[in-house]
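Trainee: Just passing along the structure, written as structure tokens.
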Amino acid sequence: MELRALTWNLFHGRDFPPDPTLFTTRSRLLCGSERNTTHLQVNRDLFDEFATVLSAARWDVALLQECPPRWSAPLARACAAQPHRALTSRNSLAALRALAARINPDLVASNEGGSNLTLIRRGRLRECRQLELRPGRRPERRVMALSRLALDPERELCIANLHASAGRTLREAAEQEVVRAAERAVEWAGAAPLLFGGDLNLRPRDTAIYETLANRFGLHQPTAARALDHLLVRGLEIVAEPAPWPPDRREVRVGGLAVRLSDHAPVEATFA
């Protein structure tokens, strides 16, 4: 039985055109749009666009990070999936933050609050847990979502979805978070196969942490030397190695121009 997996950092539901000059103060303050000959930068709610791309993609499990908390239930419905949401940071006064983000997503940005959202299309969600990897507020609260699935009466799959600390100055913190997460996820999964992924914010070219994950925990295989987003597995065969989508696959057309969703490309892989 093959299992298709995807991980995607949703950038708090915002777009990210390849032309940086499209990010203007006027657009950020006045909720306007900017354009060039190929791309459009918009400052509005993009739930429908993200839902369209995700629902049309072929996957059995999706690990999402920087997902607006208010999106979890409607996104699960759009994708015909079971959700497991783990709130991360900046989630006090959630209703007010959500209202502000609907009005001006680019100005509010990550201050809407965040979550790691795991979506399940295959099997039955049997158990949901979460582990705080780093308490708030500074540098930022980090949480891992742990989901246990029954794929059939005799087969389980465990999923760990996390978003580690970001930035060169926090590399050591991210490494500590990822090792702790792997240790707890492997312990929790027991003999069941484990999918361990998300936005780890660690490039294999810059750290030896992926050797630690392989040698100590049996977790393989990072996406690429420069990648931040990974789908590592233990107890599963890698049928198609993790690979990012080409940029145009996460774009939607608006008025004849492309809107590129998120500053991260989805990464997908197939396991058995």
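Trainee: Would you pick out the residues in segment 2-36 that are of a type in the set (Lys, Arg) and modelled with pLDDT of 95 or more?
Mentor: ARG4, ARG14, ARG35
Trainee: When you go through GLY190, GLY255, GLY167 one by one, which is the residue that is free of Cβ contacts under 8 Å to residues at least 60 places away in the same chain, under 30 Å from GLU34 (Cα atoms) and of a type outside the set (Asp, Glu)?
Mentor: From the options GLY190, GLY255, GLY167, the qualifying one is GLY167.
Trainee: Still on this structure, I have one more. Residue pairs, Cβ under 6 Å, 6 or more apart or interchain, first in segment 64-75 and in contact (Cβ under 8 Å) with a residue 40 or more places away in the chain and crowded, with 21+ Cβ neighbours inside 10 Å, second aromatic (Phe, Trp, Tyr) and part of a loop (DSSP other than H, G, I, E, B). List them.
Mentor: none
Trainee: Got a sec? Which of ARG90, ARG70, ARG102 is at pLDDT below 95, within 26 Å of LEU200 (Cβ to Cβ) and of a type in the set (Lys, Arg)?
Mentor: Selected residue: ARG90, the only one of ARG90, ARG70, ARG102 that is at pLDDT below 95, within 26 Å of LEU200 (Cβ to Cβ) and of a type in the set (Lys, Arg).
Trainee: Still on this model: If GLU172 satisfies every condition in (1) within 24 Å of LEU232 (Cα to Cα); (2) assigned to a helix (DSSP H, G or I); (3) within 20 Å of the chain's Cα centre (by Cα) but one, which is the exception?
Mentor: Condition (3) is where GLU172 drops out.
Trainee: Something else now. I need the full set of residues from segment 149-164 which are modelled with pLDDT under 95 and not acidic (Asp, Glu), in order please.
Mentor: Those that are modelled with pLDDT under 95 and not acidic (Asp, Glu): LEU151, PRO153, ARG155.
Trainee: With respect to the numbered conditions (1) within 22 Å of GLU2 (Cα to Cα); (2) of a type in the set (Lys, Arg); (3) within 15 Å of the chain's Cα centre (by Cα), which one is the sole condition not fulfilled by ARG234?
Mentor: All conditions are met except number (3).
Trainee: Within segment 189-223, restricting attention to residues that are within 17 Å of the chain's Cα centre (by Cα) and more than 17 Å from ARG4 (Cα to Cα), which residue is surrounded by the most Cβ atoms within 10 Å (Cβ to Cβ)?
Mentor: Applying the filter and picking the extreme gives LEU200.
Trainee: How about segment 1-117: which helices (runs of 4 or more DSSP H) wholly inside it have at least 1 residues that are closer than 23 Å to MET144 by Cα and among the hydrophobic types (A, V, I, L, M, F, W, C)?
Mentor: The helices (runs of 4 or more DSSP H) meeting that bar are 47-56, 72-78, 94-103.
Conditions tested, residue by residue: (1) buried (at least 16 other Cβ atoms within 10 Å of the Cβ); (2) more than 19 Å from VAL143 (Cβ to Cβ); (3) in contact with a Phe, Trp or Tyr (Cβ under 9 Å, 6 or more places away or on another chain).
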| position | (1), (2), (3) |
| --- | --- |
| CYS31 | no, yes, no |
| THR37 | no, yes, no |
| VAL42 | yes, yes, no |
| ASP48 | no, yes, no |
| SER55 | no, yes, no |
| ASP60 | yes, yes, no |
| ALA80 | no, yes, no |
| THR88 | yes, no, no |
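The values are calculated or read from the model by the stated rules, or taken from the named source; none is laboratory data. This one's a predicted model, so the numbers in the text were calculated from it and none came from an experiment. Quick reminder, even Gly has a Cβ in these numbers, built from the backbone with ideal geometry, and neighbours come from all protein chains shown.
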